[in-house]
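Trainee: The structure's right below; bear with me while I get my questions together.
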Amino acid sequence: MQIRYKQFLVILVANLLLAAALFTAVSWNFNRSFQEYVRNDQAKELQPLVEGLAEAYQQNGQSWQWLDNNRRQWQRLLQQNLILRENFENGAEEQFSPAKPPRRMPGPPHPMTQRLLLSDAHGNLIITLPANNPGQRKPSIQWLPIKVEGELVGQLGVAHSTELEREMDRLFVTHQLQQSAWIVLGILLISVGLAFPFAKRLVRPVTRLQESMQQLAGGNIEKLEPLPVTSDDELGRLAHAFNLLTDTLKDNLKARQQWIADISHELRTPVAILQGELEALMDGVRPLQPSALESLHTEVERLTRLINDLYELSLSDQGSLSYHRQECSLGTVLSDFLEQSQTRLSEKDIKLDFQLPKRPLILFADESRLIQLFRNLLNNSVRYTNAGGQLRVSLIEERQKGMVTLLWEDSLPSVADEDLGKLFERLYRTDSARNRASGGAGLGLAICRAIAEGHQGWIEARHSELGGLAIAVHFPLYR
């Protein structure tokens, strides 16, 4: 079943339950309110009887003894104060007109006469109700106070059943409940009519996402359009996350295509040189001399380094780059490496400034990988720093953070701001026109990043105070 139909059914069931609850609440409240209204109306109708009882109480020595279980006196009071008054109010002019004698006798007994009872001020019953039929519910009693000169002398009680007694009242309630039922049914039909388009609109972003996912699964990444984000709810955030995923996949696809193109270029160049020189030797164009063999050996070494670097990066991607960790002093390893590198720096007349903290900085690291990182940083500085420049290497301890930073700074030339974040990308070189004699394949700094991350650290590039490039490598201290 499609999700739009599921949404429709959920909304439909919710509306049905809500409509049933609404109708039940309205019916219960209307019945309760109408019964309260009927009781108040009956209490108002009994007010003449209350006044008659108060008057009779005064006339009989302010006592109820004359009425104690005297049904005849009770019926006479009811006739005088309830039944006759009702008949008089309904047709007094017609019954007692002087032009002609009365046409009819007083009407039938008042419907409430069988539901009245009387008690004194202390709650002792004077007139009781007739015996209930077996199985009949005990009625609720509404008491009306009988007062003489502001003092309570008795109470007139009227028994109310749980159901309406008059036919007109029952017809009125039935009519009102039918009207309420039609209103609730109309509201339900309107809500059901709106539920399906609402469910369809709600599912529309999911449908677009499904179509985009199918295109993505089919490999049409480049032609995939971003999803519109029209809300800030869960569906909107899902569409935004899918757009981020699409952008990431597009970037990865472009990077992979560029990666393959760059690798092909980097491999093709030394292979072409080797092929050309070998063909020249085979054709006798170039004599087989030590210089020719040295040139061939140089290109083979360049090709070997490139293949090894690519292999190490692939191992890093797979998480298979091996590390033989042990406790080592970062300052000692770095100092020994820089001392051995003095000859390379002197060949380009680069002045070295090395600042080492007094206290030892212990890492839990692979010493050979650290030396590989230092060598790549040195190669980068030697290749691109102008002759007569400067190289400053320092170790900065951040004991509170448990970190140590290797800061590698060289002098001019500098790197453009937009290139700083790309230096650690594979095969990336800031100057694409740089010749192969001065520039490498663009893998050294990428390997540095892999080694730093392999030691739970990170690496970043920024402008150097010396005018060139500054590389900061952050390592966690072991102790």
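Taken together, the values in this text are just the output of simple stated rules run on the coordinates, not laboratory data. Only a predicted model underlies this, so the values are computations on that prediction, with no experimental measurement involved. For neighbour counting, all protein chains shown are included, and Cβ atoms are generated from backbone atoms with ideal geometry for every residue, glycine included.
Trainee: Checking the a/c ratio against 1.5 first, then a/b against b/c, what shape does the Cα gyration tensor give for segment 290-400?
Mentor: Oblate shape, in that a/c is at least 1.5 and b/c is the bigger or equal ratio.
Trainee: For Leu129 and Arg268, calculate 0.36 nm times their separation in residues minus their Cα-Cα distance, and state this gained length in nm to one decimal.
Mentor: Here the answer is 38.4 nm.
Trainee: Would you mind calculating the gained length between Leu288 and Leu17 on full extension (0.36 nm times residue separation, minus the Cα-Cα distance), in nm to one decimal?
Mentor: Gain on extension, Leu288 to Leu17, equals 87.9 nm.
Trainee: Would you mind checking the radius of gyration and Dmax of the chain based on alpha-carbon positions, in Å?
Mentor: That works out to 51.8, 161 Å for Rg and Dmax.
Trainee: What does DSSP give for segment 324-476 in terms of the percent of beta bridges that are antiparallel, rounded to the nearest 5?
Mentor: Here the antiparallel bridges make up roughly 85 percent for segment 324-476.
Trainee: Then there is this: Among all the aspartates and glutamates, which ones have a C-alpha under 20 Å from Lys138's C-alpha, if same-chain residues fewer than 8 places away are not counted?
Mentor: Straight-distance partners of Lys138: Glu36, Glu163, Glu165.
Trainee: How high is the FRET efficiency between Leu189 and Glu453 when r is their beta carbon distance and R₀ equals 56 Å, given to the nearest 0.05? All intermediate terms of the calculation are to be shown ahead of the outcome.
Mentor: Details: r = 63 Å, r/R0 = 1.13.
Efficiency at R0 = 56 Å is approximately 0.30.
Trainee: Over segment 1-79, one equal point on each Cα, no solvent: what is log10 I(q)/I(0) by the Debye formula at q = 0.12, 0.21, 0.23 Å⁻¹?
Mentor: So the normalised log intensities work out to -0.61, -0.95, -1.03.
Trainee: Give me the percent of Cα-Cα pairs in segment 324-476 that sit more than 25 Å apart, rounded to a whole number. Can you show the working numbers first?
Mentor: On the way: 2889 of 11628 pairs.
Here the long-distance tail beyond 25 Å is 25 percent of all Cα pairs in segment 324-476.
Trainee: What share of the DSSP beta bridges in the chain is antiparallel, in percent to the nearest 5?
Mentor: Percent antiparallel among DSSP bridges in the chain is about 90.
Trainee: Further question: Taking a threshold of 23 Å on the Cα-Cα distance, which of the pairs Lys358/Lys401; Lys351/Lys422; Lys358/Lys422; Lys401/Lys422; Lys223/Lys254 fall above it?
Mentor: Over 23 Å Cα-Cα: Lys351/Lys422; Lys358/Lys422; Lys401/Lys422.
Trainee: Order the peptides 449-457, 74-82 from the highest to the lowest mean number of other Cβ atoms within 10 Å of their residues.
Mentor: Sorting 449-457, 74-82 by mean packing, highest first, produces 449-457, 74-82.
Trainee: Something else about it: If you take the beta carbon distance between Gln400 and Ile260 as r and set R0 to 51 Å, what does 1/(1 + (r/R0)^6) give as a FRET efficiency, to the nearest 0.05? Walk me through the numbers on the way to the answer.
Mentor: On the way: r = 45 Å, r/R0 = 0.89.
Working from the Cβ atoms, E equals 0.65.
Trainee: Given charges of +1 on the Cβ of Lys and Arg and -1 on the Cβ of Asp and Glu, with all other atoms neutral, how large is the dipole of the chain about its Cα centre, in debye to the nearest 20?
Mentor: Numbers: 51 positive and 56 negative charges, 341 e Å.
That gives a dipole near 1640 debye.
Trainee: Shifting gears a bit: If you fit an axis through the alpha-carbon atoms of helix 330-340 and take the longest principal axis of the Cα set of the chain, what angle between them do you get, 0 to 90°, nearest 10?
Mentor: 30
Trainee: Given R₀ = 60 Å, FRET efficiency for Ala181-Ile221 by Cβ-Cβ distance, to 0.05?
Mentor: 0.55
Trainee: Note the angle between two axes, namely the Cα long axis of helix 3-45 and the longest principal axis of the Cα atoms of the chain, as a number of degrees from 0 to 90, rounded to the nearest 10.
Mentor: It is inclined by approximately 30 degrees.
Trainee: Related question: For a test of the definition: using alpha carbon positions, the gyration tensor, and the 1.5 limit on a/c, classify segment 234-316 as rounded, prolate or oblate.
Mentor: prolate
Trainee: Among rounded, prolate and oblate, which fits segment 212-365 when a ≥ b ≥ c are the square roots of the eigenvalues of its C-alpha gyration tensor, a/c under 1.5 means rounded, and a/b larger than b/c means prolate?
Mentor: Oblate, since a/c reaches 1.5 and b/c is not below a/b.
Trainee: Sticking with this one: On a full-extension model of 0.36 nm per residue, what is the gain between Lys138 and Leu152, subtracting their alpha-carbon distance, rounded to one decimal in nm?
Mentor: Working: separation 14, 0.36 × 14 = 5.04 nm, distance 2.65 nm.
Between Lys138 and Leu152, full extension yields 2.4 nm more.
Trainee: Measure off 7 Å from each Cα along the Cα-to-Cβ vector at His324 and Gln214, then give the distance between these two points in nanometres to one decimal.
Mentor: It is 5.6 nm.
Trainee: If you find the alpha carbon centre of segment 233-286 and of segment 167-220, how far apart are they in angstrom?
Mentor: 54
Trainee: Asp169 label point, 7 Å along Cα→Cβ, cut-off 16 Å on backbone N: hits in segment 38-53?
Mentor: Under 16 Å, as judged by backbone N against the label point of Asp169, lie 38-47 of segment 38-53.
Trainee: Once you put a point 7 Å from the Cα of Glu55 and another 7 Å from the Cα of His463, both along the Cβ direction, what distance in nm separates them?
Mentor: For the pair Glu55/His463, the computed spacing is 11.1 nm.
Trainee: Measure nothing fancy, just the Cα-based angle from helix 234-283's long axis to the longest principal axis of the chain, in degrees from 0 to 90, nearest 10.
Mentor: 10
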